[in-house]
Amino acid sequence: GPGPAKVSMHIENDYQTRPVWNVVASIRGTVEPERIVMAAGHRDGWNMGAVDPTSGAASLLETARAISAAVKQGFKPRRTIQIASWDGEEFFLLGSTEHGEQFADELRKNMVVYINRESYTAGNWNTDGNSSLERWVIETTKDSVHPSGKNLYEVWTAQQPNQPIRLAALGSGSDYTVFIDHLGGPSLGPGFSGGAGVRHSLYDTFTFFQRFGDPGYKFGVAQADVVSKMLMRLA
């Protein structure tokens, strides 16, 4: 704002070119293998990155572990399940955008739903996404457990008493952008959030997350549970 202060800044930028890496794991569908149900998130951090993105990445890996265990016990998805770890999100949503552009024709034709798994902290549950998915999301949350012991739908409705559940529109700002805005694929951005206030700062540390973000990782487990159910039902 206006005032007498003058600030001198010395800026150092690193202009080297480096590769970015996406990691995509697939469980091939048995009836419609060309159809893709995907959950994904990024793993590159702006600074320390304990909340953003490591919390979401860890919860997504737990989803992958759970579905892998189900497959070993005989689960056979009708459609292909893909779980992806994007690189370069902090640099222009780079990893997911490159994936969307490289496989654009296939994804336009065959992507069923894209579920974006960003960072999380203990707090309220919510999800933005296509309104066509609203009823299905509600049904899935009724069968998903909240850390309090109630089902997720009960807690969700209690957060906004006397208001119907509605999925707000996704705009941009995370890795769903290429899938919904450029390829036209139905997308979701579900997650818990308590407004940690450490985003993109040097305070986004492992110690902060253990003490304040999600002590005991209860919300991360609940997050992994509901995303697992979403993937398995969609597939």
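Surrounded by fewer than 16 Cβ atoms within 10 Å (Cβ to Cβ) and at pLDDT 95 or above, is that true of D143? Yes, satisfied. Exactly one residue out of A104, A70, A122, A64 is modelled with pLDDT of 95 or more, among the hydrophobic types (A, V, I, L, M, F, W, C) and within 15 Å of A40 (Cβ to Cβ): that is A64.
Among the residues of the range 27-53, the ones that are modelled with pLDDT of 95 or more and open to solvent by 70 Å² or more (accessible area, probe 1.4 Å) come to 5 in all. As a summary of the residue check, F209 satisfies the conditions (1) aromatic (F, W, Y); (2) open to solvent by 40 Å² or more (accessible area, probe 1.4 Å); (3) farther than 24 Å from M38 by Cβ except for the one numbered (2).
Please specify each residue of the range 181-206 satisfying the condition of being open to solvent by 30 Å² or more (accessible area, probe 1.4 Å) and at negative phi. Spell out the reasoning first.
As a first pass, look at the range 181-206 and keep what is open to solvent by 30 Å² or more (accessible area, probe 1.4 Å): 181-182, 184, 186, 193-197, 199-200, 202-203, 205-206.
Listed by number, the residues that qualify are D181, H182, P186, S193, G194, A196, R199, L202, Y203, T205, F206.
Pairs linking a residue in the range 160-175 that is under 10 Å from T127 (Cβ atoms) to a residue that is at pLDDT below 90, with Cβ atoms under 7 Å and 6 or more positions apart or on different chains, do not occur. Annotation: of all residues in the range 68-122 being surrounded by fewer than 20 Cβ atoms within 10 Å (Cβ to Cβ) and of a type in the set (V, I, T), the one that is nearest to G56 (Cα to Cα) is T97.
Entry remark, the range 79-123: residues being of a type outside the set (S, T, Y) and in contact with a Ser or Thr (Cβ under 6 Å, 6 or more places away or on another chain) number 6 in total.
So, A196, is that one under 19 Å from R65 (Cα atoms) and of a type outside the set (V, I, T) or not?
On the way: under 19 Å from R65 (Cα atoms): no; of a type outside the set (V, I, T): yes.
In short, no.
When residues in the range 1-26 are screened for being of a type outside the set (A, V, I, L, M), closer than 30 Å to G191 by Cα and modelled with pLDDT under 95, 1 of them pass. Against the conditions (1) in contact with a helix residue (DSSP H, G or I) (Cβ under 7 Å, 6 or more places away or on another chain); (2) touching a residue at least 60 places away in the same chain (Cβ under 8 Å); (3) of a type outside the set (G, A, S); (4) farther than 25 Å from F91 by Cα, T121 satisfies every one except (4). Pairs meeting the criteria (first residue in the range 30-51 and without any contact (Cβ under 8 Å) to a residue 60 or more places away in the chain and more than 17 Å from L188 (Cβ to Cβ), second residue open to solvent by less than 40 Å² (accessible area, probe 1.4 Å) and not in a loop (DSSP other than H, G, I, E, B), beta carbons under 6 Å, at least 6 apart or on different chains) are P33/T80; R43/P53; R43/A57; R43/S85.
Within the range 134-152, residues that are more than 11 Å from M230 (Cα to Cα) and free of Cβ contacts under 8 Å to residues at least 12 places away in the same chain have Cβ atoms under 9 Å from residues that are open to solvent by less than 40 Å² (accessible area, probe 1.4 Å) and part of a helix (DSSP H, G or I) in these pairs: K142/L152; S148/V155; N151/T141, counting only partners at least 6 apart in sequence or on another chain.
Report yes if V7 is part of a loop (DSSP other than H, G, I, E, B), more than 22 Å from V178 (Cα to Cα), over 19 Å from the mean Cα position of the chain (by Cα) and of a type in the set (V, I, T), otherwise no. Give the derivation first.
Values: part of a loop (DSSP other than H, G, I, E, B): yes; more than 22 Å from V178 (Cα to Cα): yes; over 19 Å from the mean Cα position of the chain (by Cα): yes; of a type in the set (V, I, T): yes.
Yes.
The values are calculated or read from the model by the stated rules, or taken from the named source; none is laboratory data. The shown structure was predicted, so the numbers you read here are calculated from the model rather than taken from an experiment. Ideal geometry is used to build each Cβ from the backbone, glycine not excepted, and the neighbour counts take in all protein chains shown. Ligands, DNA and RNA are excluded from the accessible area calculation, which covers all protein heavy atoms including side chains. Shrake-Rupley method; radii C 1.70, N 1.55, O 1.52, S 1.80 Å.
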